Amino acid sequence: MTLHDRRSREIVALNDLARKTLRQCRVVVTEGIMVQSEADQVAILNKVRSFDAFTPDNDPYGEHDF
């Protein structure tokens, strides 16, 4: 495994952890989300936390970032 591959795996792990837990990261929520009901906000954040459908189209660098 190359240094680049190892670093990419570290980045994926950190991004996955941040997305799944929303801890130790900065979470930015748009005004469009903030005007939603609390229940809808929770549902949206739960979708973000559980997202794992990464493809070359939505994750071109393979780092699971957004």
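Those helices (runs of 4 or more DSSP H) of segment 1-50 in which 3 or more residues are open to solvent by less than 70 Å² (accessible area, probe 1.4 Å) occupy 3-21, 38-50. Every test in (1) modelled with pLDDT of 95 or more; (2) at positive phi; (3) not charged (D, E, K, R) is passed by Leu22 save one, and that test is (1).
The values are calculated or read from the model by the stated rules, or taken from the named source; none is laboratory data. This one's a predicted model, so the numbers in the text were calculated from it and none came from an experiment. Please note that ligands, DNA and RNA were not included when accessible areas were found on the heavy atoms of the full protein model with its side chains. Shrake-Rupley method; radii C 1.70, N 1.55, O 1.52, S 1.80 Å.
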